[in-house]
C-alpha cells in the first residue's frame, strides 16, 4: 500500500490515527454533528425499553416492549453516533473507551 500526501495531509492523518481533535476542522465537525445530535436526541426515548430489556428479552416482551425493533434501533443509533465521532477524532480514543469495558 502506497500513500502519497503532502505535509498537511500527513499531519491530518497523524492526528486522526493518534485519536486527537487537533486535526478536526469546523467543516469536519459540522458534517458529522447532525448525525451525532440526532442519535443522542433519540436515545432517551429508548431508555424505558432498554431498562426493561435489562431484565431479559422474555420479560421485556411480556411487558410490551417490541424487543427486536428496540435492539435494532439502539444498535443503529449507537453505531451512527460512535462511527461519526470516531471518524472525526480517530480510533485510539475509541479503543481507550472500549478496552476498560472488556
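Is it the case that region 52-60 has a residue that's under 25 Å from residue 91 (Cβ atoms) and surrounded by 10 or more Cβ atoms within 10 Å (Cβ to Cβ)? Reasoning before the result, please.
Within region 52-60, the subset under 25 Å from residue 91 (Cβ atoms) is none.
There is no residue in region 52-60 that is under 25 Å from residue 91 (Cβ atoms) and surrounded by 10 or more Cβ atoms within 10 Å (Cβ to Cβ).
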Test: residue in region 10-26 that is surrounded by 12 or more Cβ atoms within 10 Å (Cβ to Cβ), over 16 Å from residue 76 (Cβ atoms), within 21 Å of the chain's Cα centre (by Cα) and at pLDDT 85 or above: no
Matching helices (runs of 4 or more DSSP H) fully within region 24-101 where at least 3 residues are under 27 Å from residue 8 (Cα atoms) and in contact (Cβ under 8 Å) with a residue 40 or more places away in the chain: 26-42, 67-89, 91-98
Criterion (more than 21 Å from residue 98 (Cα to Cα) and out of contact with any helix residue (DSSP H, G or I) (no Cβ under 9 Å at 6 or more places or on another chain)) met by exactly one of 61, 49, 33, 56: 56
Checking residue 3 against (1) more than 21 Å from residue 98 (Cα to Cα); (2) assigned to a helix (DSSP H, G or I), the condition it does not meet: (2)
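The values are calculated or read from the model by the stated rules, or taken from the named source; none is laboratory data. Note that this is a predicted model, so its numbers are computed, not measured. In this analysis, Cβ positions are derived from the backbone assuming ideal geometry, glycine residues included, and neighbour counts consider all displayed protein chains.
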